[in-house]
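Notes follow once the structure below has been shown.
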C-alpha cells in the first residue's frame, strides 16, 4: 500500500499539516513522487536543479557520458505537469548546468518539451549554474527569470542562505516558509546488519524546505538530521517519511 503524500504547511516546522488529502490552506505544499512538490491552490509545480546539459558538458570535455538523462528528466517533468494539471512551473535554480553544455541539441530538446506544455507557464528562479539562462530565455520559452520570488507566506529561492541575507528578513516580509534547491539533499539509512541506503530526499528544517535535485545526472549532499528536522525519501513512485530511521539510534 502506498502511503498518502505528505503535506507541508507554509508555517514551516510548526505547521506540518500531516498526511493525506482533504481541505488544504492555500499555501500548503504537497510532496510528490518524481522529485517535485505541488501547491494545489495555485496549481504550481516546484522543481529544482535539473542541470540540463551536464552530460553534454562532460562529453565536450572528452569524458564519455551516455546520452538520454535530459530526455528522461523532461519526460518525468511533463508527466507531473499533465498528472496534476499544472498551471505554472517554478524551477528553483540550476535549470541549466553550464554554458558549454547548452548545445543546440539540449536547447532543441527543452524547446520541444516547452511546446508540448504550452499552456503552462515556466518561471526560473536563477541559480548559480544558470549563467546562460537569461540569454537563452526566449529560445527556451521561459516566461520569466527572477533572482527570487516572494508569494507570502512562501519565499522561493535557489540558495536558502540567500533568503535571510541583508535587511529583508523572511519574518518581516510575512514569510513563513522558504523553499529552496541547490543542496541536492540526500539521506542515508543504516540497518542493524550494517547495510546502508542513500537516496535523494526532501529536507525540512528551520522553516526551510529544500527540494531534491530533479536531474538524474547530479550528485548529492548528505543533510544533517537535527532534532527539529524532517526528511522524506524522494522516490519516483513514493514519498516516504524516514525521519526517525535517519536519526542515530540514541535519538530515535
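If you filter the range 119-129 down to residues that are outside any strand (DSSP E or B) and touching a strand residue (DSSP E or B) at 6+ places or on another chain (Cβ under 7 Å), you find that the one that is nearest to residue 51 (Cα to Cα) is 129. Residue 58 fulfils the conditions (1) modelled with pLDDT of 85 or more; (2) crowded, with 16+ Cβ neighbours inside 10 Å except for a single criterion, (1). If only residues of the range 35-55 that are within 10 Å of the chain's Cα centre (by Cα) and on the phi > 0 side of the Ramachandran plot are counted, the one that is surrounded by the most Cβ atoms within 10 Å (Cβ to Cβ) is 35. When residues in the range 85-97 are screened for being modelled with pLDDT of 95 or more and buried (at least 18 other Cβ atoms within 10 Å of the Cβ), 5 of them pass. With respect to (1) under 30 Å from residue 246 (Cα atoms); (2) modelled with pLDDT of 95 or more, the lone exception for residue 122 is condition (1).
The values are calculated or read from the model by the stated rules, or taken from the named source; none is laboratory data. Because the structure is predicted, anything quoted here is derived from the model rather than measured. FYI the Cβ positions are ideal-geometry reconstructions off the backbone, even for glycines, and counts take in every protein chain you see.
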